[in-house]
Amino acid sequence: MLRMRFVARFVRSGIALLFSVLIVLSAQKPKSQQVERGREFLGLAPPPDAAAAARGEKTYAQACAFCHGVKANGAEGPNLVRSTVVLHDEKGEMIGSVIRNGRPERGMPAFPGFTAEQIYDIAEFLHSRVEAAANRYAYKVGNVITGDSKAGEKFFQTAGRCAGCHSTRGDLAHVAARYEPVDLQAEFLYPSKSPPIEVTVTEHSGQSISGKLKRIDDFSVSLWDQDGTYHSWPRDAVTVVMKDPLSAHRELLDRYTNEDMHNVLAYLETLK
């Protein structure tokens, strides 16, 4: 008897470990090779019933989330996404037994009042969470163009002061054709390409040299002047004044409202 229990426990542990390894290997694939995988990928039941899962999420939230977490990935109680019971359940037949009878020895109460339909819905919700874990890199961004382009243009020209540095006929001409909407939004919030930083270094003697910053840290500062000559000084021997070309973008992060960001994106999307 003890040997049989040991074997059963070993098998369950091996299945859970295999599931974890499969998820890790799936996450390591390049995006170009990633594909959506249902529970069938794990050798389990077909993809869950979306309508039942939506109903089950509400029932689960009321009765189970306080212990197992809102997304079933654990809280006071265990992570159900990696539960072998959930992995091998198909339509609530295994999950239902645990829900109705509980596991008193582990502190889980019984819920005998749930109907078969409710148990099926909870099971489908838990199956959907397993599928989401297996497909966590298959997330697709929905439509982010929800703002008012006219309001965005007004912000661009006035409150945002964007027109002081950018031109819709110059650097921003056809910008919407160069970026996907979600990437365009990220680009104007957190620009990935920073122009050279202008810096002026003043020595204690009063002599100043300006140019493009090469490097600055706690120990030294260096630059290239307009003639292409390289200069370097100990950090504590000079005064440094830098002009950050992205300072306006950083200041706007404290001023943007969600509405402003969506409106600006909607306006930039008209620049095709």
Any idea which of (1) surrounded by 10 or more Cβ atoms within 10 Å (Cβ to Cβ); (2) more than 28 Å from the chain's Cα centre (by Cα) is the one Ser247 doesn't satisfy? (2)
Looking at Ala177 and the list (1) hydrophobic (A, V, I, L, M, F, W, C); (2) touching a Leu at 6+ places or on another chain (Cβ under 9 Å); (3) surrounded by 11 or more Cβ atoms within 10 Å (Cβ to Cβ), which single condition is not satisfied? (3)
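When residues of region 154-170 are filtered for being part of a loop (DSSP other than H, G, I, E, B) and among the hydrophobic types (A, V, I, L, M, F, W, C), how many remain?
2
Every number here is computed from the coordinates shown, using simple stated rules; none is lab data. Quick caveat: nothing in here was measured; it's all calculated off a predicted structure. All Cβ positions, even for glycine, are placed from backbone atoms using ideal geometry, and neighbour counts span all protein chains on display.
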